[in-house]
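First the structure, in the form of structure tokens, and then the observations on it.
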Amino acid sequence: MRKLERFENLVAMFFARAKQKGEAPFLWRKQGGAWQPISWAEAARQVSALATALQALGLKRGDRVMLVAENRPEFCISDLAIMAAGCITVPTYTTNTERDHQHILDNSGACATIVSSEKLAKTLLPAVLRATSGSHIVIGIDEFRQGQAGGFEFHQLQALIAAHPANPEIVAANATFRREDLACIIYTSGTGGSPRGVMQHHGAILHNCEGCVSVISEDFGWDDEVFLSFLPLSHAYEHTGGQFFPIALGAQIYYSEGLEKLASNIEEVRPTLMVVVPRLFEVLRTRITKTVEKQGKFANYLLGRAVNIGLRKAAGRMPITDRPMDLFLNATLRPKLAKRFGGRIKAMVSGGAPLNPEVGTFFESLGLTFLQGYGQTESAPVISCNRPKAGLKMDTVGPPLDNTEVKIAEDGEILVRGELVMHGYWRNEAETARVLKDGWLHTGDIGLIDEKGRIKITDRKKDIIVNDKGDNVAPQKIEGMLTLQPEIIQAMIYGDKKPYMTAVLVPDPEWTQEWCARTGTKLDFKELAHDPEYKAALGQAVERVNKDISVIERLRKFILADGPFTIENEQLTPSLKIRRHILKQVYSARLDALYGDKA
């Protein structure tokens, strides 16, 4: 079993791996229809040159540098170069509005920005011009035309690298930062208001890397790992799990061409590890089920048997009579699915939002190892992860990482202590004092620790709905159950201080098309919202969920959303969590109207 050696900072870890791996491939992108690599040695050369260039431009230790780029090799190179120059990276979402950029620029006091393209610069530059941090440097990754600068200094990234050749060994030797030094400020995606800047120090991310390397090394074996990066690198989950964790492992990172090409990218890249969010696998589960349905009765029979056996395995009571079918599935159905995921996947690690246990069990039953992790930006972000040696249980998020203390407060809140905990929120002492008390991070999550030391999340403390009788309802569980129904793709539960629960539902567009074709109804979503038969069909999905939940949790009424919850309309965060406060602003009047009769 291999352990990750102790590093004093993330820059030192990268240069150590680059020296070990040399000309071996590190970062891959698709160009001209073929995957093209950048070696570890070349990446080290570019990181060193860009770090030297940033210092030559006048950036000093502790200066903040905003990074606005898609998942691509230049994101990793720029991030490492910013840190190697002694500066602090402020990664931001490519989906940010001008207002979002303005808030982060003003709050962080960033004096430079690296932006990938002319398209992203169009949203960014107006905010830069209004920034309160004074003179500003903008560095473009792609070559794009820049007219009159008007208040900021503009440079092109590759030109800076070419003009400042540097020796990686010298740059590495000068990276004398300590584990407690600030590495980056990651702004939370803001499910409840304006994003706050989480101060992540080098040691926090290294603590995560050390713990995650132990999970892989002890439970799966540490080999030549391959990652496919597609979640936003500006999110703490992918920033640590999809960038620094692979660097710790000396792994290769392929950058996906986007969600629409993800399935083909998986088959081409054949990753060994994948960092995912639950929503992706809820969608894949639906697609796989529909594909099998079209293949006839025998394929449906095999899928049904696989899922039932998986459920019994998860419950720890698989009878001996299941074994012949289990072996048959290993030779038939499961290899076909494994091929769709490249054929050599060790594990998929789900995080960023709660995973419905049914989804995890579904993929486990089809032969894919599915690990649910738990954490938050304030913990760099991983706190715990399911692992085979602790016993996989899909309604838990596994034991804490090595050297991580977890306890449950009297009110059920999960508290965390260790090097992984942030130093606080940037320029926000009040919020820092609220969540950091006596060294313990108050996560805002409600949960328990089972007899095997695994954490089980029951809900978000601040999201718990308290009805008019004082009963507590956990909305995320019900929302997860609703979105597993083929008729419903998104949902938000409502009912605080109300006599019963109601909901906003987004119907699944594929199911809607099939329903319209089957019933001979015109496919017009605005008209369908008032169609009693259509709403009755959706009501059947709600009733299926109501049968499996308590009386106080049951939905009595619902309305249909005006459209999908999206990042663009700010009803979803970039990590695909619903923004309750935004949805309530839009729909609370209509939801309140459902309580008119108090029935």
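The values are calculated or read from the model by the stated rules, or taken from the named source; none is laboratory data. All of these numbers come straight from a predicted model, not from anything done at the bench. For neighbour counting, all protein chains shown are included, and Cβ atoms are generated from backbone atoms with ideal geometry for every residue, glycine included.
Any residue in the range 209-232 that is on the phi < 0 side of the Ramachandran plot and hydroxyl-bearing (Ser, Thr, Tyr) sitting within a Cβ distance under 6 Å of a residue that is surrounded by 23 or more Cβ atoms within 10 Å (Cβ to Cβ) and outside any helix (DSSP H, G or I)? List the pairs, counting only those 6 or more apart or interchain.
Sorted first by the residue in the range 209-232, then by its partner, the pairs are Ser229/Asn71; Ser229/Ile253; Ser229/Tyr255.
Report the residue count in the range 250-288 for those that are surrounded by fewer than 18 Cβ atoms within 10 Å (Cβ to Cβ) and of a type in the set (Ser, Thr, Tyr).
Residues flagged as surrounded by fewer than 18 Cβ atoms within 10 Å (Cβ to Cβ) and of a type in the set (Ser, Thr, Tyr) within the range 250-288 amount to 1.
Among the numbered criteria (1) modelled with pLDDT of 95 or more; (2) touching a His at 6+ places or on another chain (Cβ under 8 Å), which single criterion is violated by Ser194?
Just one mismatch for Ser194, condition (1).
Is it the case that Ile77 is assigned by TED's automatic domain parsing to the domain that holds Ser135, within 23 Å of the chain's Cα centre (by Cα) and in a helix (DSSP H, G or I)?
Judged against the criteria, Ile77 is a match.
Answer yes or no as to whether Asn472 is on the phi > 0 side of the Ramachandran plot and polar (S, T, N, Q).
no
So Cys212 ticks every box in (1) over 20 Å from the mean Cα position of the chain (by Cα); (2) at pLDDT 95 or above; (3) not β-branched (Val, Ile, Thr) but one. Which box is left unticked?
(1)
Every residue, every condition in (1) surrounded by fewer than 17 Cβ atoms within 10 Å (Cβ to Cβ); (2) without any contact (Cβ under 8 Å) to a residue 40 or more places away in the chain, yes or no:
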| position | (1), (2) |
| --- | --- |
| Ala331 | yes, yes |
| Lys339 | yes, no |
| Arg344 | yes, no |
| Met348 | no, no |
| Gly352 | no, no |
| Val359 | no, no |
| Phe362 | no, no |
| Gly367 | no, yes |
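Are there any helices (runs of 4 or more DSSP H) wholly within the range 201-271 with 2 or more residues that are under 19 Å from Asn71 (Cα atoms), and if so which?
Because the criterion is at least 2 residues that are under 19 Å from Asn71 (Cα atoms), the helices (runs of 4 or more DSSP H) in the range 201-271 that meet it are 236-239, 245-249, 262-269.
Ala503: under 27 Å from the mean Cα position of the chain (by Cα) and in contact (Cβ under 8 Å) with a residue 40 or more places away in the chain, yes or no?
Spelling it out, Ala503 is indeed under 27 Å from the mean Cα position of the chain (by Cα) and in contact (Cβ under 8 Å) with a residue 40 or more places away in the chain.
Restricting attention to the range 179-197, does a residue exist that is in a loop (DSSP other than H, G, I, E, B), more than 21 Å from Gly250 (Cα to Cα) and more than 23 Å from the chain's Cα centre (by Cα)?
The answer is yes; a qualifying residue exists.
Given Ala589, Ala541, Ala537, which one is part of a helix (DSSP H, G or I), within 33 Å of the chain's Cα centre (by Cα), of a type outside the set (Lys, Arg) and closer than 30 Å to Glu98 by Cα?
Just a single option satisfies the conditions, and that option is Ala589.
Which pairs turn up if I take residues in the range 261-272 that are farther than 15 Å from Arg344 by Cβ and look for partners that are assigned to a loop (DSSP other than H, G, I, E, B) with beta carbon separation below 9 Å, at least 6 apart in sequence or on another chain?
Close Cβ pairs (under 9 Å, with a partner that is assigned to a loop (DSSP other than H, G, I, E, B)) amount to Leu262/Phe230; Leu262/Ser256; Ser264/Glu257.
For the range 372-424, name all the residues that are part of a strand (DSSP E or B) and within 23 Å of Met274 (Cβ to Cβ).
Residues satisfying the conditions are Gln372, Gly373, Tyr374, Gly375, Val382, Ile383, Ser384, Cys385, Pro400.
Confirm whether Ile478 is β-branched (Val, Ile, Thr), in contact (Cβ under 8 Å) with a residue 24 or more places away in the chain and either within 30 Å of Asp411 (Cα to Cα) or in a helix (DSSP H, G or I) (or both).
For Ile478, the condition - β-branched (Val, Ile, Thr), in contact (Cβ under 8 Å) with a residue 24 or more places away in the chain and either within 30 Å of Asp411 (Cα to Cα) or in a helix (DSSP H, G or I) (or both) - is met.
I need the full set of residues from the range 493-521 which are part of a loop (DSSP other than H, G, I, E, B) and acidic (Asp, Glu), in order please.
Correct list: Asp496, Asp508.
Only residues that are modelled with pLDDT under 90 and not acidic (Asp, Glu): list them for the range 531-566, please.
Ile549, Ser550, Val551, Ile552
Taking the conditions exactly as written (closer than 15 Å to Ile493 by Cβ and either assigned to a loop (DSSP other than H, G, I, E, B) or free of Cβ contacts under 8 Å to residues at least 24 places away in the same chain (or both)), does Tyr595 satisfy them or not?
The answer is yes for Tyr595.
Hey, can you tell me all the residues within the range 412-427 that are at pLDDT below 95 and buried (at least 16 other Cβ atoms within 10 Å of the Cβ)?
Correct list: Glu413 only.
Please find, among Ile345, Ile414, Ile457, the residue that is in contact with a strand residue (DSSP E or B) (Cβ under 7 Å, 6 or more places away or on another chain), β-branched (Val, Ile, Thr) and more than 23 Å from Pro232 (Cβ to Cβ).
Of Ile345, Ile414, Ile457, the one residue that is in contact with a strand residue (DSSP E or B) (Cβ under 7 Å, 6 or more places away or on another chain), β-branched (Val, Ile, Thr) and more than 23 Å from Pro232 (Cβ to Cβ) is Ile414.
Mind listing whichever residues of the range 503-520 are buried (at least 16 other Cβ atoms within 10 Å of the Cβ), touching a Phe, Trp or Tyr at 6+ places or on another chain (Cβ under 9 Å) and closer than 27 Å to Gly352 by Cβ?
Within the range 503-520, Ala503, Val504, Leu505, Val506, Pro507 qualify.
Of all residues in the range 85-136 being touching a Pro at 6+ places or on another chain (Cβ under 8 Å) and in contact (Cβ under 8 Å) with a residue 40 or more places away in the chain, which is farthest from Gly258 (Cα to Cα)?
By that ranking, first place goes to His103.
If we keep just the residues of the range 113-139 that are assigned to a strand (DSSP E or B) and more than 26 Å from the chain's Cα centre (by Cα), which is surrounded by the most Cβ atoms within 10 Å (Cβ to Cβ)?
Ile139
In this structure, is Thr95 assigned to a loop (DSSP other than H, G, I, E, B), at negative phi, among the polar types (S, T, N, Q) and out of contact with any strand residue (DSSP E or B) (no Cβ under 8 Å at 6 or more places or on another chain)?
So Thr95 fits the description; yes.
Residues Ala41, Ala49: which one is part of a helix (DSSP H, G or I), within 20 Å of Ala248 (Cβ to Cβ) and not polar (S, T, N, Q)?
After ruling out the rest, the residue left standing is Ala41.
Any residue that is surrounded by fewer than 24 Cβ atoms within 10 Å (Cβ to Cβ), of a type in the set (Asp, Glu), within 21 Å of Pro246 (Cα to Cα) and within 20 Å of the chain's Cα centre (by Cα) - is there at least one of those in the range 91-105?
no
Has the range 142-154 got any residue that is within 18 Å of Leu67 (Cβ to Cβ) and among the aliphatic types (A, V, I, L, M)?
no
Mind listing just one residue for me: the one in the range 177-191 that is surrounded by 20 or more Cβ atoms within 10 Å (Cβ to Cβ) and at pLDDT below 95 and, of those, farthest from Phe14 (Cα to Cα)?
Ser189
State yes or no: is Ala84 farther than 19 Å from Tyr187 by Cα and surrounded by 24 or more Cβ atoms within 10 Å (Cβ to Cβ)?
yes
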